[in-house]
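One structure below.
Just so it is clear, none of the values below were taken in a lab; they were calculated from the coordinates. As the structure is a computational prediction, the values presented were derived from the model and not from experiment. No Cβ is skipped: glycine too gets one built from the backbone with ideal geometry, and neighbour counts run over all protein chains shown.
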There are 4 protein chains.
Amino acid sequence: MEKKIGFIGLGSMGLNMAKNLVEQGYHLQVYNRTGSKADALDQKSITKCKTPAEAAEGVQAVITMLADDDAVKEVVLGENGILKSLQRNSVHISMSTISPDTVAELAKKHDETGSRYVAAPVFGRPEAAAAKKIWICISGSQQAKDIAKPILECLGQGIHDFGEKANGANVVKIAGNFMIMASLEMMAEAYTMAEKNGLDRLKVAEFFGSTLFSAQIFQNYGKTIANKQYMPVGFSAKLGLKDAQLAFKLSQQSETPMPFVSTIHGRLLSAVAKGWSETDWAEAISRGVTEDAGV
Amino acid sequence: MEKKIGFIGLGSMGLNMAKNLVEQGYHLQVYNRTGSKADALDQKSITKCKTPAEAAEGVQAVITMLADDDAVKEVVLGENGILKSLQRNSVHISMSTISPDTVAELAKKHDETGSRYVAAPVFGRPEAAAAKKIWICISGSQQAKDIAKPILECLGQGIHDFGEKANGANVVKIAGNFMIMASLEMMAEAYTMAEKNGLDRLKVAEFFGSTLFSAQIFQNYGKTIANKQYMPVGFSAKLGLKDAQLAFKLSQQSETPMPFVSTIHGRLLSAVAKGWSETDWAEAISRGVTEDAGV
Amino acid sequence: MEKKIGFIGLGSMGLNMAKNLVEQGYHLQVYNRTGSKADALDQKSITKCKTPAEAAEGVQAVITMLADDDAVKEVVLGENGILKSLQRNSVHISMSTISPDTVAELAKKHDETGSRYVAAPVFGRPEAAAAKKIWICISGSQQAKDIAKPILECLGQGIHDFGEKANGANVVKIAGNFMIMASLEMMAEAYTMAEKNGLDRLKVAEFFGSTLFSAQIFQNYGKTIANKQYMPVGFSAKLGLKDAQLAFKLSQQSETPMPFVSTIHGRLLSAVAKGWSETDWAEAISRGVTEDAGV
Amino acid sequence: MEKKIGFIGLGSMGLNMAKNLVEQGYHLQVYNRTGSKADALDQKSITKCKTPAEAAEGVQAVITMLADDDAVKEVVLGENGILKSLQRNSVHISMSTISPDTVAELAKKHDETGSRYVAAPVFGRPEAAAAKKIWICISGSQQAKDIAKPILECLGQGIHDFGEKANGANVVKIAGNFMIMASLEMMAEAYTMAEKNGLDRLKVAEFFGSTLFSAQIFQNYGKTIANKQYMPVGFSAKLGLKDAQLAFKLSQQSETPMPFVSTIHGRLLSAVAKGWSETDWAEAISRGVTEDAGV
């Protein structure tokens, strides 16, 4: 049956994506470290697996949606990793936010065993994943992307192709997270300065969010930062710092001085040093700005 | 006749705005340093004046749209300035991008002579002014704004009120120009890093402009920066530097450290030092980034 | 009698300098806003004056050592200012730390009245002034400097000539204060990083102060910063911020991007915003660094 | 005979150090990748060895002075590395500039085999090594340092002890190189600003180098930067960038935001991107500043 695929990683993003695939008629061979997470899925449409290798067995494609580089490496290269069972020409659709270096290393390992790696990192929160509103960036060999695309089309509101180099999409993902962080800093600086000049932060944020900067980032985070209401935590300062470090590393490796990356990195490093690791990254950045301004 | 107002400053912005007012049935008492600019207006609907004072005579409102602080000061406070003729309770609608300090000083002078100052700086290029698509920020006393609003409604796609303090709208204008410049730097850094990692700048810019950053700034300038095609010049580096200096000064006066302002200021200062004063601000910022990266 | 000169400004620096001049046989026509300050001087060697103009009367040279630009302007240009009485070719030796713009303006006024301006700002604290250990930078016309030099030789351990342009010495003074502030930041960053890596701040500071960085700045302030013992206040954060602003302005006017100036300016602006205006500038900078590091 | 030790690494630093040891009566078991370098030493006082292991055989101490982390790792852990032959309680005196992480790893390996690691990085150029004017920082167990000290005393003008943690001295070495780079930036900014204000760069540099900043760094590099005469190359921009990266990494690991490190890192990254890798680090930094200022 051709609509059977592997699915590894049932965190808040992964679970919502798995539900959408099931809804579209896919049968999933699922694996998750904490097995009980799979209980939330329609049991007729899934097969629970004991190892990543089992989830990748006999399918043309296996999706991974995991926390970080180490988790992906373990699932791919570990003793019971998917490389042990993935068939020749089958495709690993790797959707986690990981470093381009790790991607290059993993893509090479897939090549050596005859399977293929498609990078498919996403932009969007769990709610967006549930609503099929995430944006997906892909890169990898054309043949592999052709297999991945119909599957990915069930998950988001658009697939954006960044070429044949395995880790191209991951560079875009890191660039995007940098641009979000820089937008947070920019708004925090502007709205704090406005406040200290006697203006209403929220009015200023609403003006920009509805005119020149009428994009999601400025509308949603604009409100958050203007109101200084940062709960619930969507993405932690600690993870933000990790992404700022990835951006810094790319800047370094590609010999591209990026002063805004340095500022953002320092801001989040300070947040973590001050004990704000688990706050939302918008709070970490915004409180840094307001405390520096004595507010 | 109540629809007669004064209009001073027929530059590329002012002329388009004057045309729209004429179209809406206003009769304009116009003054411009170079008188011939008024030839482009319907002659039946205007009265050419020899001085600012003449343009402000007998009207309830006079609009000024001028190049900089000095020009506005001259038109208001000069020997034949509008304060000489402006009636008690008449309103000066001041639409130029000028410093909050100058506004405070001018508002005080109006108060002393019994007339009123309304700040009404705008966001948008001359084409936007022609198409009534500019955004207008206002601040000033409620009574004065009530007189200004019906006139301003003929000019843009929305009036955003920032309170009774005379220069509130100017603070917003400067904050907005800072946010635009920071966006230019952010894009230049991200797209150059992407390029040096083997990606197509334009594809990256189009992705962000159509998804997370689907706002004008990122769409229009995104293309400009991605393609490195900066002509024609919309807003010069020299004027950008002036605005960065205004932002820096506000940051200083309000004791709000703004590291992104410092970066942007240094970037534009370097551009001017290198002789790029007359390039577009997007070019000045973007070339600074690419040259630093050895591209 | 040729050893009679005017002396205006008996603050902690000025008083020590005046004592040294008296000791060298000078008779001083002194003026100070708070007249009682002159009681600390040998009464036979001074004549107390009621106005700056009186202090400058009939002498070939008058020294001013005042708090800021406004104070110097008042003493020179005010109703009873020294320009009212200063003879043709007499010299005003202006030793305060003031902006090059103010110097240019004052030098022009002196030219117009036939007297001469010599800039002679100094490096050193009141103790150094008492011990004749200050360093003096001068600039101005050669003729004027020839008159000033023998007098200045009684005050410090060296006179450094920076040319004929009136405000050259003031540029050097501002550059020097910038270099001191940058050294404070540099040490604060290095010693805090060393501390967080388990090292003893003081040992590290003593090592650098006795080897590669064996200069006063690194020895004295090195100890201060290493020990986090900032009392008594030698030079306040507020005055430091003023000097950082002068450096920023020079950077701007001369089109020289100076990123270290931006960092230092932001650091001191934040210190003032947080209410640390009256702490020593070393404390303001060092606490900024340690708080950012969560120490 | 107790004055026999191993010596590995006869680069420009190492060779000068080896000569000094021979002069003090030491017999050296030398190893160098390019064996002919040993020809410059008194042949009666040395034994040429074919491997690092041979050089470390039967001695109480072996010195290494190598290019980078990889070279040291190879010499210690390689197939014929010194761990293969180093006796129980014998000491490895490691004088290269390497990362604290590498030191921690190597120290652990020594512990496991019963030998001991002493970190002894130095400040100073080859000429200083020849003249016994280098400064030596050490860290490691007390017992091991007691063995190392009499040997090191033949090499420099002072030994500075930074405790028992193996890599403490390396943290100081990196902090010191950061402080040197920050001093270069500071001088380049100040002297360029002075130049653009009409002053003589060299006069300004000489003033500071002989007064407030009368330390080697400011005297020697001050002249270099003031004169813009950067040849011969003492320490390349590429190596400077490597050290800036080490400083950045330490800043990151110890959660200490260091904005000056970010600026310096960006400056050197840009220099390398522009193709200036092999210029002196002073040139790389100084030209970055002057080009930004359009000089």
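Points to keep in mind about this one:
- Size of charge dipole - the protein assembly as shown - debye, nearest 20, with Cβ of Lys, Arg +1 and Asp, Glu -1, no other charges: 0
- Expected 222 nm ellipticity per residue - DSSP helices of 4 or more, -39500 (n - 2.57), all of the protein assembly as shown, to 500: -15000 deg cm²/dmol
- Scanning chain D for the Cβ atom closest to the axis that brings D onto C yields residue and whole-Å distance D:Ala215, 2.
- Per-copy distances of the A:Lys109 label point, shortest first, in nm (7 angstrom along Cα→Cβ): 2.4, 7.3, 7.7
- Note on region B:158-295: with charges restricted to the Cβ of Lys and Arg (+1) and Asp and Glu (-1), its dipole about the Cα centre is near 160 debye.
- The magnitude of the dipole of chain C, with charges of +1 and -1 set on the Cβ of Lys/Arg and Asp/Glu and taken from the Cα centre, is near 440 debye.
- Placed amide H near B:Gly158: partners under 5 Å, 5+ positions off or other chain: B:Ile136
- Estimated FRET transfer efficiency (A:Gln229, A:Glu206; beta-carbon r; R0 22 Å; 0.05): 0.95
- Spin-label pair C:Ala104-D:Ala67: with each label point 7 Å from Cα along the Cα-Cβ axis, the two points sit 5.2 nm from one another.
- Here C:Glu278, D:Glu291 are placed in order of increasing Cβ neighbour count within 10 Å, fewest first, which gives C:Glu278, D:Glu291.
- Within 10 Å of each Cβ in B:161-169, the average number of Cβ atoms from other chains: 3
- Counting only lysines at least 8 places from C:Lys84 when in the same chain, those with an alpha carbon closer than 23 Å to its own are C:Lys3, C:Lys4, C:Lys48, C:Lys50, C:Lys73, C:Lys108, C:Lys109, C:Lys145.
- With both labels modelled 7 Å from their Cα along Cα-to-Cβ, the B:Ile159 to C:Gln143 distance reads 6.5 nm.
- Within 10 Å of each Cβ in A:214-224, the average number of Cβ atoms from other chains: 3
- Label geometry 7 Å along the beta-carbon vector: B:Gln142 inter-copy distances in nm: 6.8, 7.2, 7.9
- Annotation for region A:148-205 versus region D:177-223: alpha-carbon center distance of 42 Å.
- Just checking the listed ones, A:Lys242, A:Lys145, A:Lys203: in the Gaussian network model of chain A with Cα springs under 10 Å, the one fluctuating most is A:Lys203.
- Close amide H pairs (under 5 Å, H built 1.01 Å from N) link B:Gln29 with B:Ile5, B:Gly6, B:Phe7, B:Thr47, residues at least 5 positions away or on another chain.
- Neighbour-count order for C:Ile136, B:Ile82, fewest beta carbons within 10 angstrom listed first: C:Ile136, B:Ile82
- Comparing D:Phe218, D:Phe207, D:Phe248 in a Gaussian network model of chain D (Cα springs below 10 Å), the most mobile by mean-square fluctuation is D:Phe207.
- The alpha carbon centroids of region B:52-73 and region D:1-64 are separated by 86 Å.
- Cβ-Cβ FRET estimate between B:Lys44 and B:Thr113, R0 fixed at 30 Å, reported to 0.05: 0.40
- Partner shielding of A:177-187 amounts to 5, given as the average count of beta-carbon atoms from other chains within 10 Å of each residue beta-carbon.
- In terms of overall dimensions, the protein assembly as shown has a Cα radius of gyration and Dmax of 34.5, 115 angstrom.
- DSSP-defined beta bridges in chain B - what % are antiparallel, rounded to 5: 15
- Residue by residue, region B:17-33 carries 3J(HN,Hα) couplings of 5, 4, 4, 5, 5, 4, 4, 8, x, 7, 9, 10, 8, 9, 9, 9, 3 Hz when phi is fed to the Karplus relation 6.51 cos²θ - 1.76 cosθ + 1.60 (θ = phi - 60°); x denotes Gly or Pro.
- Computed over chain C with a Gaussian network model linking Cα atoms closer than 10 Å, the most mobile of C:Thr64, C:Thr102, C:Thr34 is C:Thr34.
- Copies compared at D:Gln43 - label distances in nm, ascending, label defined 7 Å from Cα in the Cβ direction: 8.7, 9.0, 10.7
- Lysine-lysine proximity count for region A:163-295, Cα under 18 Å, sequence distance 8 or more or distinct chains: 11
- Legend: ranking of residues C:Ile63, D:Ile217 from fewest to most surrounding C-beta atoms inside 10 Å; resulting order D:Ile217, C:Ile63.
- Counted over the protein assembly as shown, the DSSP beta bridges are approximately 15% antiparallel.
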